[in-house]
């Protein structure tokens with residue numbers, strides 16, 4: 001009797017476990033079937049107008065058409081992106097709160113204490129969106145004519161030459177650090193809450209230079225307000241064929257061999273069927289010629305992945321930047 005009772009109890013436990021598993025799976029599938037039934041928030045960690053914001057708005061418009069719902073962009077700038085990343089990392093994992101990510105997402109902990117999130121443990125990737133680049137620009141009336149003269153001046157002036165960024169650990173900040181390391185210069189790194197206010201100060205002559213996205217630079221260069229000195233990546237910009245790449249000048253910036261990247265993440269625990277539905281809508285949107293034509297003139301090119309591919313990419317980026325950031329961490333911390 002005792003043996004029979006034991007196995008009856010075991011059978012009951014197993015049945016309960018199976019029931020719980022299938023109940024959870026059924027709930028997730030049902031949630032995905034009804035998803036979305038209200039607007040999705042895509043949080044941008046920086047001020048409006050920068051590359052992360054521009055890409056997020058294009059993607060949000062495209063996804064809204066593909067997912068039969070509305071994707072709304074919400075800017076939450078501050079702390080180089082940490083405010084937005086930690087906010088979304090703590091959000092309800094139901095697919096309705098997403099965050100636009102870039103390089104800063106994987107390296108902020110090297111430049112801020114207690115950023116409030118872990119890029120691997122606290123998030124599930126939806127997918128990559130794009131690849132792009134950054135360009136080094138100076139005011140049009142600057143006496144600096146090219147990259148060589150900029151480096152020469154910076155070596156002489158030290159912190160008399162400044163490079164603006166979107167906050168410690170932001171992609172423009174990382175570009176500035178990589179450039180400074182390779183060029184053997186020690187400029188003053190000036191953080192802002194986003195690149196839009198940084199460009200405003202650059203145009204006013206309050207700072208010497210900045211790494212900005214092509215979408216911010218090309219128009220201002222054409223208007224005669226900025227000069228473009230060099231572009232990150234292996235190829236020159238189609239919109240600025242006379243501007244050399246850093247690689248051409250013998251400067252391979254650590255961490256930027258392929259340029260810059262962007263994507264979308266959701267809180268960890270978001271049901272897999274919801275992630276898959278978001279990824280499918282994202283990739284359909286990225287396939288649309290109108291979205292590609294909206295971004296390509298700004299030097300931004302679509303890059304599709306599966307959720308698992310982007311998860312793996314983020315893990316690789318974390319490992320890579322752990323090594324790179326360790327060499328500059330002491331100098332970069334405030």
Within segment 149-176, the count of residues that are in contact (Cβ under 8 Å) with a residue 60 or more places away in the chain and out of contact with any strand residue (DSSP E or B) (no Cβ under 9 Å at 6 or more places or on another chain) comes to 1
Confirm whether residue 284 is under 20 Å from residue 71 (Cβ atoms) and modelled with pLDDT of 95 or more.
yes
Restricting segment 93-142 to residues that are assigned by TED's automatic domain parsing to the domain that holds residue 177 and out of contact with any strand residue (DSSP E or B) (no Cβ under 6 Å at 6 or more places or on another chain), the one surrounded by the fewest Cβ atoms within 10 Å (Cβ to Cβ) turns out to be 141
Restricting to segment 69-96, and then to whatever is under 11 Å from residue 123 (Cα atoms) and assigned to a helix (DSSP H, G or I), can you tell me which residue is nearest to the chain's Cα centre (by Cα)?
85
By residue number, the members of segment 54-92 that are under 17 Å from residue 269 (Cβ atoms) and in contact with a strand residue (DSSP E or B) (Cβ under 8 Å, 6 or more places away or on another chain) are 85, 87, 88, 89, 90, 91, 92
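Condition check ((1) closer than 26 Å to residue 199 by Cα; (2) assigned to a strand (DSSP E or B)) across all residues:
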position: 241; (1), (2): yes, no
position: 261; (1), (2): yes, yes
position: 291; (1), (2): yes, no
position: 296; (1), (2): yes, no
position: 313; (1), (2): no, no
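The values are calculated or read from the model by the stated rules, or taken from the named source; none is laboratory data. Just so it is clear, the model here is predicted, and its values are computed rather than measured. A quick note on method: Cβ atoms are made from the backbone with ideal geometry, for glycine too, and the neighbour counts reach across all protein chains shown.
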